[in-house]
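A.B. asks: Please see the structure below; I have some questions.
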Amino acid sequence: MNDLILLAILADGPQHGYALKKRAGMALGQPDMHNNLVYPLLRRFVSQKWVTQRKAAGQRGQTRQVYSLTPLGRVALVHRLQQFDDASSAEAFRLRIGLFELLAPPAREEILAARGKYLKAREQRLALLETEMDLGRYGGEVTRFMRQQIRAELAWISRLRRMNRAC
């Protein structure tokens, strides 16, 4: 997922490494993405020709590396966004929703359908759990809360589908 975040940030335009790690951290709800994640990924992207690297003068006279997404990198980003193999991952799902504008409507629909199918199956398992087991007062409360969250996300998916059809 870190690779998708970095590529998506570069889709907005060239960035130097420090700005990339700051923006990636912000996207993840963290202070910064760690150097040990950012720079190895950038080296890999450069070797795969997804990203170009050039030197530029920094604000304080230092030399910075500026990274730019190539057309091949944009194709790779879109392809990787379309591959939604883990519908159980809420983070992977939300990341793709946040980048839906990079995807065509049919690809968006596939992602929404996959997550919806997963959530419906999970909701059925939780409903069965409630009827088949004595969960106790607090266990039952947790299960009800989880089912409520699933129903809320399914409603959100319905709204996203309507938005997607309107495109």
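Quick note: the coordinates plus some simple rules give every number you see, no bench work behind them. Please read all numbers here as calculations on a predicted model, not as lab measurements. For neighbour counting, all protein chains shown are included, and Cβ atoms are generated from backbone atoms with ideal geometry for every residue, glycine included.
A.B. asks: In degrees between 0 and 90, to the nearest 10, how far off the longest principal axis of the chain does helix 2-11 point, with axes built from Cα atoms?
C.D. replies: Approximately 60 degrees, to the nearest ten.
A.B. asks: Quick one: grab the alpha carbon gyration tensor of region 2-82, order the square roots of its eigenvalues as a ≥ b ≥ c, and give me rounded if a/c is under 1.5, else prolate or oblate depending on whether a/b is larger than b/c.
C.D. replies: Oblate shape, in that a/c is at least 1.5 and b/c is the bigger or equal ratio.
A.B. asks: Could you state the angle between the C-alpha long axis of helix 105-132 and the longest principal axis of the C-alpha atoms of the chain, as a value from 0 to 90 degrees rounded to the nearest 10?
C.D. replies: So the inclination is approximately 40 degrees.
A.B. asks: If you filter region 1-100 for chymotrypsin sites (Phe, Trp or Tyr not before Pro), then keep DSSP loop positions with at most 11 other Cβ within 10 Å, what is left?
C.D. replies: On the way: sites: Y18, F45, W50, Y67, F84, F93, F100; in loops: W50, F84.
Sparse-neighbourhood loop chymotrypsin sites (Phe, Trp or Tyr not before Pro): none present.
A.B. asks: Loop-only trypsin sites (Lys or Arg not before Pro) in region 4-91, please: DSSP not H, G, I, E or B, and at most 16 other Cβ atoms within 10 Å.
C.D. replies: Working: sites: K21, K22, R23, R43, R44, K49, R54, K55, R60, R64, R74, R80; in loops: K49, R60.
Here the trypsin sites (Lys or Arg not before Pro) that fit, given the DSSP loop and packing criteria, are K49, R60.
A.B. asks: If you don't mind, another one. Once every DSSP H run of n ≥ 4 in the chain is given -39500 (n - 2.57) and the sum is divided by its residues, what mean residue ellipticity at 222 nm do you get, rounded to the nearest 500 deg cm²/dmol? Show your work: numbers first, answer last.
C.D. replies: Values: 7 runs with 113 residues, N = 167.
Taken over the chain, the calculation gives -22500 deg cm²/dmol.
A.B. asks: I would also like to ask the following. Assign one of three labels to region 90-165, namely rounded, prolate or oblate, based on the Cα gyration tensor with a ≥ b ≥ c the square roots of its eigenvalues; rounded applies when a/c is under 1.5, prolate when it is not and a/b is larger than b/c, and oblate otherwise. Present the calculation step by step, with values, prior to reporting the outcome.
C.D. replies: Values: a/c = 3.20, a/b = 2.80, b/c = 1.15.
Verdict is prolate for region 90-165.
A.B. asks: Using Cα pairs closer than 8 Å and at least 6 residues apart in sequence, work out the relative contact order for the chain, in percent.
C.D. replies: Numbers: 148 pairs, mean separation 29.2, N = 167.
Worked out over the chain, it gives 17 percent.
A.B. asks: Helix 71-82 versus the longest principal axis of the chain: what is the Cα-based angle in degrees, 0 to 90, to the nearest 10?
C.D. replies: 10
A.B. asks: Among the lysines, select those whose C-alpha is under 26 Å from the C-alpha of K49, and discard any that sit fewer than 8 residues away in the same chain.
C.D. replies: Leaving aside lysines fewer than 8 places away in the same chain, those within reach of K49 are K21, K22.
A.B. asks: Tell me which label goes with the value of log10 I(q)/I(0) by the Debye sum over Cα atoms at q = 0.09, 0.15, 0.16 Å⁻¹ computed from the coordinates here: (1) -0.29, -0.83, -0.95; (2) -0.43, -0.89, -0.96; (3) -0.45, -0.97, -1.04.
C.D. replies: After the calculation, the listed value that fits is (2).
A.B. asks: Let me ask something else. Can you compute 3J(HN,Hα) from phi for each residue in region 156-165, using the Karplus curve 6.51 cos²θ - 1.76 cosθ + 1.60 with θ = phi - 60°, rounded to whole Hz and x for Gly and Pro?
C.D. replies: In residue order, the calculated couplings are 5, 4, 4, 5, 5, 5, 5, 4, 5, 5 Hz.
A.B. asks: Taking square-rooted eigenvalues a ≥ b ≥ c of the alpha carbon gyration tensor, is region 51-104 rounded, prolate or oblate, where a/c under 1.5 means rounded and, failing that, a/b exceeding b/c means prolate?
C.D. replies: In terms of gyration-tensor shape, prolate.
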